[in-house]
Amino acid sequence: MGRAFEFRKARKMKRWSAMAKTFTKIGKDIVMAVKEGGPNPETNSRLRAVIQNAKAANMPKDNVERAIKKATDKDTANYKEVLFEGYAPHGIAILIETATDNNNRTVANIRSYFNKCNGTLGTQGSVEFMFDHTCNFRIPAEGQDVEELELEMIDFGVEEIFADEDGIVMYAPFESFGAIQKELESRGIEVLSSGFERIPQITKELTPEQVADVEKLLEKIEEDDDVMNVFHTMQE
């Protein structure tokens, strides 16, 4: 098992509990996908991927259809994806992915969280280089040989593949998303979910007291409605 497996395992155990915002996140993803490529999933690969994720999250079909319809309304605000970088206490790098319709509000909120928790909001590029930007796909395990699939998918950018209790997971560089999605679809392989993650190249172990300091900041950030994902270099 490689680094992606360990990263996924740690995040699933530690932070997957904060999923109350999942439908809100998917709703924003739908708006951005529709604004970018139109409301037809047949011709919009990004929207197809979001719909797969909605299904995996048990989001009702009616909710998805309403979100797509709402996104086609010209009065519906578009969301801009903005990346924030900074340091938590004890030298832990933090990378924050947001989707916002009001950048001034988001900047002010994120800055306040860092200030209140003895962290430092950094400049663009200050910590992003410490993380590998990856894409991932989950497919059903039934009828698949992991080793054989790995050999076949290497040509499309897959770097790590493993099975867990929910199926088979593939990891690749961010840039390989389109090629892998297209190949899986051409093979008739169902994609249960897909997405993007930023895997820390190096993690830092902290004492329980130090972990509590970092967790305080992470919780404030994750509670913000504009925040989509938070990644950090603290060992979990």
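Quick grid of which residues meet (1) within 22 Å of Gly27 (Cβ to Cβ); (2) exposed (fewer than 15 other Cβ atoms within 10 Å of the Cβ):
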site: Pro89; (1), (2): no, no
site: Asn103; (1), (2): yes, yes
site: Ser112; (1), (2): no, yes
site: Asn136; (1), (2): yes, no
Checked the stretch 154-200 for anything within 16 Å of the chain's Cα centre (by Cα) and of a type in the set (Phe, Trp, Tyr); matches are Tyr171, Phe174, Phe177, Phe196
Can you confirm whether the stretch 197-220 contains a residue that is touching a Phe, Trp or Tyr at 6+ places or on another chain (Cβ under 8 Å) and among the small types (Gly, Ala, Ser)? no
Result of the Cβ filter at 8 Å on the stretch 1-25, keeping first residues that are part of a helix (DSSP H, G or I) and β-branched (Val, Ile, Thr) and partners that are modelled with pLDDT of 75 or more and open to solvent by 100 Å² or more (accessible area, probe 1.4 Å), at least 6 apart or interchain, is Thr24/Asp225
For the stretch 48-70, the count of residues that are surrounded by 14 or more Cβ atoms within 10 Å (Cβ to Cβ) and out of contact with any Pro (no Cβ under 7 Å at 6 or more places or on another chain) equals 12
Scanning the stretch 137-162 for residues that are assigned to a loop (DSSP other than H, G, I, E, B) and over 16 Å from Ala4 (Cα atoms) gives Pro140, Ala141, Glu142, Gly143, Gln144, Asp145
Note on the stretch 210-236: residues surrounded by fewer than 17 Cβ atoms within 10 Å (Cβ to Cβ), acidic (Asp, Glu) and not in a helix (DSSP H, G or I) are Glu223, Asp225, Glu236
Scanning the stretch 27-47 for residues that are in contact with a strand residue (DSSP E or B) (Cβ under 9 Å, 6 or more places away or on another chain) and open to solvent by less than 40 Å² (accessible area, probe 1.4 Å) gives Lys28, Val31, Met32
Checking Ala54, Ala49, Ala99, Ala67 in turn, the sole residue that is in a strand (DSSP E or B), among the hydrophobic types (A, V, I, L, M, F, W, C) and either touching a helix residue (DSSP H, G or I) at 6+ places or on another chain (Cβ under 7 Å) or more than 30 Å from Val214 (Cβ to Cβ) (or both) turns out to be Ala99
For the stretch 62-88, pairs from a residue that is among the charged types (D, E, K, R) to a residue that is surrounded by 13 or more Cβ atoms within 10 Å (Cβ to Cβ) and in a helix (DSSP H, G or I), with Cβ under 8 Å and 6 or more apart or across chains, are Lys70/Val31; Glu81/Met32; Glu85/Glu128
Residues in the stretch 164-200 that are open to solvent by 50 Å² or more (accessible area, probe 1.4 Å) and more than 26 Å from Glu97 (Cα to Cα) total 6
When every residue in the stretch 71-86 that is within 15 Å of Lys25 (Cβ to Cβ) and outside any strand (DSSP E or B) is compared, the one least open to solvent (accessible area, probe 1.4 Å) is Ala71
Condition first: at pLDDT 95 or above and closer than 22 Å to Lys21 by Cα. Can you find one or more residues in the stretch 148-161 that meet it? no
Just one listed residue, out of Thr207, Thr203, is open to solvent by less than 90 Å² (accessible area, probe 1.4 Å) and more than 21 Å from the chain's Cα centre (by Cα), and it is Thr207
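The values are calculated or read from the model by the stated rules, or taken from the named source; none is laboratory data. Model, not experiment: these values are computed from the prediction. Every residue, glycine as well, gets a Cβ built from its backbone with ideal geometry; the counts of neighbours run over all protein chains shown. Calculation scope for accessible area: heavy atoms of the full protein, side chains included, ligands and nucleic acids excluded. Shrake-Rupley method; radii C 1.70, N 1.55, O 1.52, S 1.80 Å.
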